[in-house]
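Reviewing the structure listed below.
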Amino acid sequence: MRIDIISGVPELLRSPLEHSIVARAREKKLTEIFIHDLREYSDDKHHKIDDYPYGGGAGMVLSPQPIFSCIEKLMSERSYDEIIFTAADGVPFKQQHANELSVKKNIIILCGHYKGVDQRVRDMLITREFSVGDVVLSGGELPALVITDAVVRLIPGSLGDAESALTDSFQDDLLEPPVYTRPSVFKGAAVPDVLLSGDHKKIETWRSDMAIERTRERRPDLYKKFKKKN
């Protein structure tokens, strides 16, 4: 898989992509991630990438020219399955979207910034728009990293334990159950006996029951979806 991330502030992206699971996936050649500095594609002599909005109003808007130049160059070199824009008014990014994107070959992620991006970019280039929550951030770099991390960890070989990704929260509309490790008793609090029993059937039943209960308490919206399916 190849992921191209386009940003006006590329410095915000580099460090998180050079550590942990994403870095290991890159080292194993499971994924290629390229960061593109939008300013390098600007025709402006000062490498300007934004301008005032027509009609007035506060804030600046990302100009279409450097974005089109960057994306059109990339598209001339290979085909892309998706061109994603990170936007506060996008569709909420969920695990199912990460699952879908993880089987794609090439994707582009355009990071929003300032007040937004010229609508013609969204109308003519973008295939999907995602938000990571009902909150406004300074730019789309953090959401782009969230999407990248969520997708890359699903690529076979990225995780040491392939089953781990399949049992993550949200994969089946349930949150994960509580987990414990050594020691079995810490500050007077003991690990549930069932987890020490060695009875795998009972353990799986307990985990399932706990996942359902945790979801019911913390995410009634997910619990409702789960109950509807089951």
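Please treat every number below as a calculation from the coordinates, not as lab data. These numbers come from a predicted model, not from an experiment. Backbone-built Cβ (ideal geometry, glycine too); neighbour counts: all protein chains shown.
Structure above, values below:
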read-out	value
Karplus 3J(HN,Hα) series, Hz, for region 209-226 with 6.51 cos²θ - 1.76 cosθ + 1.60 (x for Gly, Pro)	4, 5, 5, 5, 5, 4, 5, 4, 6, 9, 9, x, 5, 5, 4, 5, 5, 4
Pairs beyond 31 Å (Cα-Cα), from K105/K202; K201/K229; K45/K104; K202/K227	K105/K202; K45/K104
Residue-wise HN-Hα coupling along region 67-82, computed from phi with Karplus coefficients 6.51, -1.76, 1.60 (Hz; x: Gly, Pro)	5, 4, 4, 5, 5, 5, 5, 4, 5, 6, 9, 6, 8, 10, 6, 8
Under 5 Å, built H, 5+ apart or other chain: amide partners of E176	S169, F170
For T215, T148, T127, order by how many other beta-carbon atoms lie within 10 Å, fewest first	T127, T148, T215
12 Å Cα-Cα reach of K225 towards aspartates and glutamates, excluding residues that sit fewer than 8 places from it in its own chain	D172, D173
Computed over the chain: relative contact order in percent, which uses C-alpha pairs under 8 Å that are six or more apart	20 percent
FRET efficiency estimate (nearest 0.05) - Cβ-Cβ, D134 to T181, R0 30 angstrom	0.30
Alpha carbon centroid spacing (whole Å) that separates region 97-150 from region 31-66	16 Å
Footprinting exposure proxy for Y180, Y223, Y54 (fewest neighbouring C-beta atoms within 10 Å first)	Y54, Y180, Y223
Ascending count of other beta-carbon atoms within 10 Å, so fewest first, for L125, L154	L125, L154
Nearby lysines by direct alpha-carbon distance to K228 (threshold 22 angstrom, same-chain neighbours under 8 apart not counted)	K94
Those lysines that a straight Cα-Cα span of less than 17 Å connects to K48, excepting residues fewer than 8 apart in one chain	K115
The chain: angle of helix 141-152 to the longest principal axis, Cα-based, in degrees nearest 10	50 degrees
Rounded if a/c under 1.5, otherwise prolate or oblate - region 6-51, Cα gyration tensor axes	prolate
For region 86-189: relative contact order, % (alpha-carbon pairs under 8 angstrom, 6 or more apart)	34 percent
Amide H partners (placed H, <5 Å) of I5, local residues excluded	F34, I35, H36, I109
Net +/- balance of residues flanking G90 in space, Cβ distance below 12 Å, scoring K and R +1, D and E -1	0
Formal net charge of residues neighbouring H47 (Cβ-Cβ distance under 14 Å; K, R +1; D, E -1)	-3
Sequence-distant residues sharing a close amide H with A87 (under 5 Å, placed H)	F130, S131
